[in-house]
Amino acid sequence: MFERLSRSSGRLATLKRWSLLSGQVAVMQVLVQGVGAVTGLLLIRALPKEEYAWFTLAASMLATLNLLADGGISTALTSIGGSVYQDPPVFSRLLADGRRLALRLGLLGALLATPFFWHLYARLETPAATAAWLVGLALLATVPAITSTLLAVASRLHSRASEVQLAELLSTGVRLLCTLALLGLGWVEARAVFAVTLLAAVVQAGLLKRYTRVFTSPAPAVAGQGREIGSFIRALYGNHLFFCLQGQITTWIIGLLAGVQQLADLGALSRLAVLFAAMGAPFAHLVTPALARIQDKTVLRRRFMLTLGVAASLVAAVLLVAVWLPTPFLWLIGEKYAHLGRELPLALASQGLALFSGICWGLIIVRGWVRHAWVTILTTVIGMILGACLADLRSVSGVLLFNLITQLPTIVVCLVIALKKV
């Protein structure tokens, strides 16, 4: 009897602790995403459509470069670091090896992405000087962006997620203040507002460097984990290319097949993803690192299924509200985009599936279950073929439907792999 009561009390205490931590993370992330959303909405309303389309393409390039520079390194740091994070010299060496490899992959990514994005700017008839500035700013912003990604992994492994979020909050605050200053001066163009994005990335990286000195300052161990990180890169880089393709393909398709107006519409709808970003914060900051440390298979199975159930419920709730009350969502993105009522549910469904897919994939790879990672490449291709057959890729709604269909086979495969492992 006493043993059962003790177990029950322990479970309640654990549940209470996780609820409190998740609530703290969620509140902070709401602030971060809220400040970012205000900035984004100001840009949507202030920038002419063609300028906002060019800004959207620059943001797509930065996201692409950041993902290519990562190439599986953050996953390697999380997985390997879960067992060595309490050994300062070894962990310091792990971070140093990760940064070195990320810079090399970043250079490779720049060589791959720059010609392609230059072609997209030319396709949209962007002035050459504007295109050159935006491409250059995206290349520069990649260094602080990937630095923040890797240092955030170190903080989360040490259960210091609040520092990561504080850096994000201060960075977004700087971006909002600088954006307001630009609007006050009447300097409303894509180059100026994207330069502010670069500044915000530098601020975030600088703050995280300061917060993580305790992890990076110890003298690194002589032996490194370069080979282990390399094995993750070899296993995951192809998938990163495809996740990059999957995440940015809607922007690329609109840029290639449609025009500036459609790209601006798609960029405006993408701002609503802030709703899901706040929901995903507790998973990224708390749940994923915690699952990386669990050794008991029974506990792992229970936590795994609970995580997926909560994620699916949150996505479904947002979609139901959007279908029932679309007007507030359209009000957020302004009068220039009020005609997107038909596209709104598709946009939110696509963003919700992206969140759920990212959580599924993150839980799988953090456990080191990457032996069959190539399967997701095949499922992504299958999804793209199905989407291309069923959707009109010359319209915003067609591209959103394409993106939604593309994600479904990968989610199915991730769930199958997870169920077999747990």
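Every number in this text was worked out from the coordinates using simple rules, so none of it is lab data. From a predicted model like this one, the values you see are computed outputs, not experimental measurements. All Cβ positions, even for glycine, are placed from backbone atoms using ideal geometry, and neighbour counts span all protein chains on display.
In 5 Å bins starting at 0, how do the alpha-carbon pair distances of region 117-221 split up by percent?
Spelled out per bin, shortest first, that is 2, 12, 18, 17, 16, 13, 10, 6, 4, 2, 0.
How large are Rg and Dmax for region 61-144 when only the alpha carbon atoms are used, in Å?
16.5, 54
Along region 255-267, what does the Karplus equation 6.51 cos²θ - 1.76 cosθ + 1.60 (θ = phi - 60°) give for ³J(HN,Hα), rounded to whole Hz, x for Gly and Pro?
Once rounded to whole Hz, the list reads x, 7, 9, 10, x, 5, 4, 5, 5, 5, 4, 5, x.
Taking the dipole about the Cα centre of region 25-421, with the C-beta of Lys and Arg at +1 and of Asp and Glu at -1, give me whichever of LEU198, LEU404, THR216 is farthest to the positive side.
THR216
From the list (i) 23.5; (ii) 35.0; (iii) 22.3, can you say which value of Kirkwood radius over Cα pairs in Å was derived from the structure given?
Entry (iii).
What is the distance, in nm, between label points placed 7 Å from the Cα along the Cα-to-Cβ direction at LEU419 and at VAL30?
Roughly 3.5 nm, to one decimal.
Simple spin-label model, 7 Å along Cα-to-Cβ: HIS339 to LEU180 in nm?
Reported label-point gap for HIS339 and LEU180 is 3.3 nm.
Would you please put 135-148, 312-325 in order of how densely packed they are, using the mean number of other Cβ atoms within 10 angstrom per residue and starting with the highest?
Numbers: 135-148: 21.7, 312-325: 13.9.
The most tightly packed comes first, giving 135-148, 312-325.
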